[in-house]
Each structure stands twice: as structure tokens, then as C-alpha cells.
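Below: one structure, written as C-alpha cells.
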Amino acid sequence: MTAHSIPENETIALLRNSAAGFARFDSRRIRDWRGRSPGFDRVVWQQMAGQGWLSILVPEADGGLGLGIEAAAAVAEQLGRACYPEPFVMAGLLVPGLLAASTNQALKRALLPAALSGDAIFSLAWQPADGSLKPATSAMRASRRNGSIVLSGECRFIVPAQADHYLVLAHTADGPLLVCVDADRIRPGLIEESGPDGFSSAWLRLSDLVAPEAAILMSGVGVTDTVEAALDQAIIVQSAEICGLMQRALELTLDYMRTRQQFGVAIGSFQALQHRAVDLFIQNELARHAKAAAVRAVEHGAQGKALSLVASSAKSRAAHAGLLISTQAIQLHGAIGFTDEYDLGLYVNRMIRLAASLGNAAEHRRRFGDLSEGA
Amino acid sequence: MSFRYGVPQERDWNALDDVEFRRIIRVEFETNYPTELRYAPRRLRWHETKDWYLRMARKGWIAPNWPLEYGGMGLSASKLLIFQEEAERWGIGRYQDHGTLMLGPVLLRWGTEEQRRRYLPDVLSCKSIWCQGYSEPGAGSDLAGLKTRAVRDGNDFVITGQKIWTTLAHDATHMFALTRTDPDAKKQEGISFLLVDLAQKGVTVRPIRDMAGHEEFCEVFLDEVRTPASNLVGELNKGWTVAKSLLGFERIHVGSPKMPEYGLTVLEAVARARGMWDDPLFREKYYALKLDVAHLADAYNHFTAIVIRGEQLGQDVSYLKIWATETFQRIADLVLETAGPFAAINGTVQVGNTSVDVLASFYKARTPTIYGGSNEIQRNILAQQVLDLPRR
Ligand SMILES: Cc1cc2nc3c(=O)[nH]c(=O)nc-3n(C[C@H](O)[C@H](O)[C@H](O)COP(=O)(O)OP(=O)(O)OC[C@H]3O[C@@H](n4cnc5c(N)ncnc54)[C@H](O)[C@@H]3O)c2cc1C
């Protein structure tokens, strides 16, 4: 494909190139981790940390790179192209960003370095079990009791399912708080739910789990906004990862159309299929530009509702385009496209997960509408 | 150069910052463009737009895209985009502007100095109005199959044939035409680009009524029509190359999000008037379309930035035309659906407490997918030249 590339500065271009060089598609490796806990390779995770990728959004004052979302999106897109199972967006961006925003300095000093070095994996438990996108409605409750907090309730769709520490968003009578709980305390309440890509998310149900107040990362009315902003940024970077996946799935399909012969000619010479391929290309381009526009908006300081709007814009297109390209890729391949052995399936199955998590296309269109209305 | 083109410009436009430039353009448009002609539901005729465009001509604003030395505004790519954006935003109706949009650039690129002197001043003063004579009854998408003959006779070419779908030929004084000058050569290699004065014996212009009831395009019959050989633009039998050099511009222009954005405002007005604005099913469709338009704008901005940087547009720009025109169609179709029984009433109609022209957007949306290289042809081009899929 010879579409015009979107201009980027030198730092981003360097990062993109090194990410492209590092993250190679490895079918064997991806297949190896399917259905096997934790669903990804912690050695690779540490290498990713070594590349500095887990530090991208963390300010330099906190030991991060402070590079911003454009850099994160460039890396995520390359990971998408390589169909990496490592949960970069959820555990590598979202969590370090929240840890850096922690008002509990002692805890931050204790946890952040381990998160940035990749030595410890963190998961964020924020989403209500009904799948709503509003963290404010989280059904996890907390109450304070003699210098401790007691957690009861549930969160779901937690990624990765197996982590060393869990950041739990919970609601008290005086507002929300974010608390860090170690894996061994959490594990009894954790159910793994495996997904189409062989990767798992977790359903967490707690009743009267006691954690020390010192484990509170932040509390007060601002917490929901902080988490929501971090999620919106994650949604934009996730859209970039989806863009990488769909671009590769489309390339695989175009390659196949050029080579597969039927009726004595390449199937890619059939006009009906050419036109369909063009429609997929258009969706791919729209997704790229919607994502790039969202990234630019964040770089220019979009916050609050403006941030949510661009995040929903980017994700609604990415999820729609990604699934359309996936399903059409299967059709354009014929039966081979539906086999486990052919690599397209790895892309499609990962696409299903990413399109569905953090809000799918329909949910983001609706959110975009609701946010626009409130204007 | 002793010969002067047009009127001098009052400012060095490119020296202004974008905000100030936009303001000046906007003030002129908002103050002086006739309100009743804003967002016309059809192409306006010359007798309707004449006063406005003669004013533009007197100001020296008739050819924003031409260089200063030829009487244009000499705008940089970014200033030109602002000018076009403001014209679209204010809903300014086009006249038959093929003289400034196409003939000017063609003569500047391929014409002789003689031809420029002969023709450009009259384009600038609107004394001559040009139409585009490419399509024929037998040559639409397969334009290179055109049959209108031009035969050399002494110092003239003698032209015989028929052109069709010629937009506003009934307003035009001249036509630039693709003609066959070598019937034996390969299709594309026997075509020449000729300038023709329409005010002469042998020219018959017959308007064609369209399904919306308007007369915007015409048939033009040419029966032994003469044009001096000096009106050949570019080399003999190289007309295809001349014509092709104009294509890129059209595709980015027709890819602008302005039309679909306008369609959305009509859609909202109709939905509110009919009490459907809060209907969840409607909202779902509406916001899907709104995002389609938003992402069109994201992509469009990417391409305009390329133009502003002075880089060459690639073939991939074709997808903008497809997405813009089909999105506009989907919006127009939903306007029709949302309007219910009001879609069966012509013209501006009272719906609830609003007045809207329900059918205007529906009809307007039908043709952009056909002209300027139909969307099917654009898909062929993209598939083969951008996606690198094999030809049959
Ligand atoms: C409003 C309007 C204004 C116009 N103004 C002008 C003007 O000023 N001057 C001028 O010269 N012309 C003008 N045209 C003509 C325009 O350029 C032609 O209509 C266009 O090139 C298509 O040709 P056609 O109408 O003969 O359709 P055809 O070429 O006969 O096409 C019919 C259908 O077949 C499809 N088709 C054709 N070939 C292929 C293929 N290879 N693969 C797949 N599908 C294909 C087309 O997409 C279309 O859907 C105008 C047209 C319109 C609608």
C-alpha cells in the first residue's frame, strides 16, 4: 500500500523505527502463550521496559521519559502490527501513569520503579461487572475501619488477569479511592475468564478484604477524573494498536489476493473483490487519521470532555474498521482464512479482544453522542 | 512584460497571517454576497450570479488560484484553502468557473504566451465563460473513446461531433474540448485539446432537464465548427496528457467535508422538527454519520496539509472523493427517511416550526459520485495503483 504517511518528529520516528525493529511478528511465540498463564512473556515484558516503553507517559521527574501520547501510540501501533500479546496499553501505560499521579509519595517511591523496570506487573481493576464504561459507577465499595480499609464488591474485565499487584478503584462514603493490593490477597477472589486470543481477563469479587490505609494511592473527588483521563488516553493508544493490527490484516489479505489463483487468474483481479478491498483501505485510512487527530488533540492539551470526545472518536472508528477488515479478510481468504493454522486468525482474535475492551464501536459512538449533546 | 492582466491586488495576501486573511475574506463574503443566493439548492445560472462575480472581477478576486502576474490573487496553497473554505462556509454559489479553475491552469502549464494573452484577460473580466467539453454519448468513464473529430483544414481545425453533460454550456461563450485528431492511433494518443468559440454557426446547445427539474447540463452539437489551429493547447495528439494534469485538484476539492457537514445540519433540523431527535434509534444513525464526517475531516486535513507543504498528492487522495460523496449520500438518504411524508413535497417546506428543503440535499447528493471520475472508476484506480492489485 502506498498511502501517504502522517508526518512525525524525529524522536517519534526513531521510536517507531526501533519499535518496528524490536517487535517482530512471531507466530510460534504467540501460539505458545495462548491459554497459558499469564498469557504473555515476562522476559519480553522486561525487554520492553528496557526499551523505555513503560516509561513513556511518566514524567521525567518521576524517572520516566515524559514523551507523551504520540510516542506511546507509535509504539502501540508497531506492537499491533506484530500482534504482540503483551498488555502494553493496560499494564505498560495506564498503570505507570496512575502510579505517577499518586499522592501517596512513599507508596509511589516503592512501586513506580518496579513498574517501570518491568519487574512487577500491575493491573487496574476499575470496570463494573456489567461492563459499563463509567468508572464512577464501579460496584466496588470501601469503608474505613481502624486505620484500615475494607473492600467489598466486584470488578471485571481486568487485564492482565495475573499480576503482582492490583490497583483497585473503590468508592467510599466520602468519594472514590485507588488502593494497591498484592496478588496473594486478591487471588482468592479472582476468576480468570479466557478470551478468543487465548489471553485472559479477570473477574474480581471481594468481600471484606482488609488493606492498610498506607496502600491508598489517592483518594477524594479528583480520583474518578484522574482514572477517567488515564482511561481515555489508554483508549487512544489502544486505537493505535488496533490500527497496527488492522493494517497488517489488510496487508496479509492484499498479498493473498495478488497470489491466490482461481479461474486461471489472481483473485485480486476480480473487480468485485478490488472494490471491496478499496472500501477496507478507506476504513483503514479513516482509522489512522481519526487516531492521529486524537493524538494531536491530546498533545495540544485536550482534557476532560474534549479528551473523552476524541478518545471515543478514535476508538469508534478503530473498532469498527478493525472488525470490518477482520471479517472481510476471512471472507477474502476463503476457508484457509478460518483455520487456526493460518496466521490471520491470530490477528482477528486479538482484534476481537481489543475492539471489545475499553468500549466497542457502538458504545463509543453512543458516548460520543452523549458528550456532544451535553455541549 | 508590457501586457497587463486583470486588476492589481490591493494587498500582498500571502504576507498576512491566516487569521487576518480569513477575516478579510469573510467580511467581503458576508457583507456583499446576496443572502437569497446562499446555499442554493441547485447550480445557479449566470444571470443570477452575474452581479456577484462581476464584483469579484472588479476586485481582482475572480481567480484566487492564479499567479499575480496573470491577474490572479497569487494565493499560496494555505491561503487558497482558506479562500475556498470561506466560500463554502458561506454557501456561495459557483458560476460556470471552468475558466478560472481549469482553463487558466491549463494555459499556464501548456499554453503559449499568445494563447494566454488572447484568453486569460477575458476570463478575469468574466467577458468569456468557459465550459468543459469532454464527455460524449459514447464516451463517459471510457473518455478516451471519444469520437468528436477535428480535421485540419488550412489554418483551421474543423470540428464535428457531439458533447454531452456539459455543465452550464448555455451560459458559456467558449468551450475547451477534447477532440480526435488521429483516428488511427491508439485511443489515448489521437486526442487533442482545442479551444472553441461557441458563438458561431454549427454550434447548437441544448439544455437537458434533470430529474430534479433543473437545467444544469447540456448537449452541445458541433457541426463543422471552425477553430484556428493556434487554439491547439499542447502538442497535436497530446490532449490526453493535458487533460489528465488537472485531475488531482478535483479530487481533493470534491473530498471536502463541507457538503456532508451541511447535510448534517439539515438532518438535525428535520429530525428536531419531526420530534425524532431524541429517538435512540435515530441518534445512533445520526452519530454514526457525524463520526463518518468527523473522520472525513481528519483525513481531509491530512491531505490539505500535504498541499500546504507544497508536496505532490498521491493517487491515494481518490479515497477522499469516495468517502466524502458517499457519506453525503448516506446523510441525504437519512434526511429523506427522517422527513417521512415531507419528502413528497417540493421545495422549501414547513415542517413543524422549521422550514427546510428536504429534497435539495437528496438530489444534490446523487451526482458527485458520478462526475469527476465515477466512484467505481476511483475504486479501480485505487485498487490497481495504490493497493497494487493485478489488472484483469
Ligand atoms: C452533474 C454532472 C455534471 C457534469 N458535467 C460535465 C461537464 O461539464 N463536462 C463533461 O465533459 N462531462 C460532464 N459530466 C459527465 C461526467 O464526466 C460523466 O457522467 C462521467 O464521466 C461518467 O460517464 P457516464 O455518465 O457516461 O457513465 P458511464 O461511464 O456509462 O457509467 C455508467 C456506470 O457504469 C460504471 N462503470 C463504467 N465503467 C466502469 C468500469 N470500468 N468499472 C466499473 N464500473 C464502471 C460507472 O461507474 C457508472 O456507475 C457531468 C456529469 C454530471 C452528472
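The values are calculated or read from the model by the stated rules, or taken from the named source; none is laboratory data. Keep in mind it's a predicted model, so treat the numbers as computed, not measured. Every residue, glycine among them, receives a Cβ derived from its backbone with ideal geometry; neighbour counts consider all protein chains shown. Accessible surface areas use protein heavy atoms only, side chains included; no ligands, DNA or RNA. Shrake-Rupley method; radii C 1.70, N 1.55, O 1.52, S 1.80 Å.
A Cβ distance below 6 Å, combined with a sequence gap of six or more or placement on separate chains, defines the contacts here; from the stretch B:131-146, residues that are within 7 Å of the ligand (Cβ to nearest atom) reach residues that are open to solvent by 40 Å² or more (accessible area, probe 1.4 Å) in the pairs B:Ser135/B:Trp165; B:Ser141/B:Ile377.
Taking the stretch B:267-284 on its own, how many of its residues are assigned to a helix (DSSP H, G or I) and more than 14 Å from A:Ala361 (Cβ to Cβ)?
11
Restricted to the stretch B:343-378, and to residues there that are hydroxyl-bearing (Ser, Thr, Tyr) and out of contact with any strand residue (DSSP E or B) (no Cβ under 7 Å at 6 or more places or on another chain), the residue that is farthest from the ligand (Cβ to nearest atom) is B:Thr354. How about the stretch A:234-293: which of its residues are within 24 Å of B:Thr325 (Cβ to Cβ) and among the β-branched types (Val, Ile, Thr)? Scanning the stretch A:234-293 gives A:Val278, A:Ile282. Among the candidates B:Leu232, B:Leu195, B:Leu178, B:Leu168, the residue that is hydrophobic (A, V, I, L, M, F, W, C) and open to solvent by 30 Å² or more (accessible area, probe 1.4 Å) is uniquely B:Leu232. Only one entry in A:Gln238, A:Gln303, A:Gln261 is open to solvent by 30 Å² or more (accessible area, probe 1.4 Å), of a type in the set (S, T, N, Q), under 22 Å from the mean Cα position of the chain (by Cα) and more than 10 Å from chain B (Cβ to nearest Cβ), namely A:Gln303.
Residues considered: B:His302, B:His295. Of these, the only one that is modelled with pLDDT of 90 or more, surrounded by 23 or more Cβ atoms within 10 Å (Cβ to Cβ), assigned to a helix (DSSP H, G or I) and over 21 Å from the mean Cα position of the chain (by Cα) is B:His295.
B:Arg94 falls short on exactly one of the conditions (1) at pLDDT 95 or above; (2) within 14 Å of B:Trp130 (Cβ to Cβ); (3) not hydrophobic (A, V, I, L, M, F, W, C), and that condition is (1). Condition test on B:Asp298, is it facing chain A (nearest Cβ under 9 Å) and on the phi > 0 side of the Ramachandran plot? In short, no.
Among the criteria (1) within 9 Å of another protein chain (Cβ to nearest Cβ); (2) buried (at least 24 other Cβ atoms within 10 Å of the Cβ), the one A:Ala318 does not fulfil is (1).
Residues that are open to solvent by less than 10 Å² (accessible area, probe 1.4 Å): which strands (runs of 3 or more DSSP E) entirely in the stretch A:81-160 hold 3 or more of them?
A:122-125, A:148-158
Checking each residue in the stretch B:344-358 for being open to solvent by less than 20 Å² (accessible area, probe 1.4 Å) and touching a residue at least 12 places away in the same chain (Cβ under 8 Å) picks out B:Val351, B:Val356, B:Val358. Residues that are in contact with a helix residue (DSSP H, G or I) (Cβ under 6 Å, 6 or more places away or on another chain) and open to solvent by less than 10 Å² (accessible area, probe 1.4 Å) within the stretch B:305-319 comprise B:Asp316, B:Val317, B:Ser318, B:Tyr319, listed in sequence order. Within the stretch A:330-375, being at positive phi and either at pLDDT below 95 or buried (at least 19 other Cβ atoms within 10 Å of the Cβ) (or both) holds for A:Leu358, A:Gly359. Would the stretch B:226-235 turn up any residue that is more than 14 Å from every other protein chain (Cβ to nearest Cβ) and within 15 Å of the ligand (Cβ to nearest atom)? No, because not a single residue in the stretch B:226-235 is more than 14 Å from every other protein chain (Cβ to nearest Cβ) and within 15 Å of the ligand (Cβ to nearest atom). Listed conditions (1) within 30 Å of A:Arg258 (Cα to Cα); (2) free of Cβ contacts under 8 Å to residues at least 24 places away in the same chain; (3) open to solvent by 10 Å² or more (accessible area, probe 1.4 Å); (4) within 15 Å of the ligand (Cβ to nearest atom) are all met by B:Ile381, apart from (2). A residue that is more than 13 Å from the ligand (Cβ to nearest atom) and of a type in the set (A, V, I, L, M, F, W, C) can be found somewhere in the stretch B:177-188. Where residues in the stretch B:1-51 are under 19 Å from B:Ser76 (Cα atoms) and among the small types (Gly, Ala, Ser), which of them is least open to solvent (accessible area, probe 1.4 Å)? Top of the filtered list is B:Gly6. As for the stretch B:52-75, it holds no residue that is part of a helix (DSSP H, G or I), β-branched (Val, Ile, Thr) and either closer than 21 Å to B:Thr173 by Cβ or open to solvent by 20 Å² or more (accessible area, probe 1.4 Å) (or both).
Among the residues of this structure, A:Ala173 does not count as one that is among the small types (Gly, Ala, Ser), open to solvent by 70 Å² or more (accessible area, probe 1.4 Å) and within 14 Å of chain B (Cβ to nearest Cβ). For the stretch B:370-378, the criterion of being under 30 Å from A:Gln261 (Cβ atoms), within 11 Å of chain A (Cβ to nearest Cβ) and without any contact (Cβ under 8 Å) to a residue 60 or more places away in the chain is met by at least one residue. Inspect the stretch B:248-258 for any residue being away from every other protein chain (no Cβ under 14 Å), of a type outside the set (Asp, Glu) and away from the ligand (no atom under 16 Å from the Cβ) and give the result as yes or no. So far as the stretch B:248-258 goes, yes, one or more of its residues are away from every other protein chain (no Cβ under 14 Å), of a type outside the set (Asp, Glu) and away from the ligand (no atom under 16 Å from the Cβ).
Among the criteria (1) assigned to a loop (DSSP other than H, G, I, E, B); (2) more than 19 Å from B:His253 (Cβ to Cβ); (3) under 19 Å from the mean Cα position of the chain (by Cα), the one B:Glu48 does not fulfil is (1).
Looking at the structure I just gave you, is B:Ala150 open to solvent by less than 20 Å² (accessible area, probe 1.4 Å), modelled with pLDDT of 95 or more and more than 15 Å from the ligand (Cβ to nearest atom)?
yes
Annotation note: Cβ proximity below 8 Å between a residue of the stretch A:271-290 that is away from the ligand (no atom under 16 Å from the Cβ) and open to solvent by 10 Å² or more (accessible area, probe 1.4 Å) and a residue that is β-branched (Val, Ile, Thr) and not in a helix (DSSP H, G or I) (sequence gap 6+ or interchain) occurs for A:Arg288/A:Ile6. Reported count of residues in the stretch A:128-171, each being at negative phi and either among the basic types (Lys, Arg) or touching a residue at least 40 places away in the same chain (Cβ under 8 Å) (or both), is 29. Among the residues in the stretch B:105-116, are any within 13 Å of the ligand (Cβ to nearest atom) and away from chain A (no Cβ under 14 Å)? No, the stretch B:105-116 has no match at all.
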